[in-house]
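*Asks:* Pasting in a structure now, in structure tokens, and then I'll have a few things to ask.
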Amino acid sequence: MAEVSRADTLRRFFGADGRLLTMPTRHAKRAVVLDELAQHFEPGHVYLEREVVEILSRFHDDHAALRRYLVDDGFLTRRENRYWRSGGTVDVSD
């Protein structure tokens, strides 16, 4: 199986305006897209559901589906209508 290129995947699934065109069906590519979305949530910050909706609406009208994908795949954790980032890559470069 060929390695998934992050840059190629992001170019393919995000438009020039930064909005998500479609969700990949292949898990490896979907993980790349979800990781990109997770980058918009600050580690250690707890978000209200309306804040999550506001952030995800910037990328796609179906923010509920994006939220489910992020939670189901372990990028966000949800408890009592509060969310926090629990997965994804973290840039440690200065």
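Laboratory data are not the source of any read-out in this text; all were calculated from the coordinates shown. These figures come from a predicted structure and were not determined experimentally. As a convention, Cβ positions derive from the backbone with ideal geometry for all residues, glycine included, and neighbour counts pool all protein chains shown.
*Asks:* Does the chain come out rounded, prolate or oblate by the C-alpha gyration tensor, with a ≥ b ≥ c the root eigenvalues, rounded set by a/c under 1.5 and, if not, prolate when a/b is larger than b/c and oblate if not? Please report the intermediate quantities before stating the final value.
*Replies:* Values: a/c = 1.67, a/b = 1.39, b/c = 1.20.
Prolate shape, in that a/c is at least 1.5 and a/b is the bigger ratio.
*Asks:* Another question about this same structure. What FRET efficiency would be calculated for the residue pair VAL4, ARG50, taking the C-beta separation as r and a Förster radius of 35 Å, to the nearest 0.05?
*Replies:* Working: r = 33 Å, r/R0 = 0.94.
So, using R0 = 35 Å, E works out to roughly 0.60.
*Asks:* Going by Cα centres, the range 6-47 and the range 55-94 are how many Å apart?
*Replies:* Using only Cα atoms to place each centre, the spacing works out to 10 Å.
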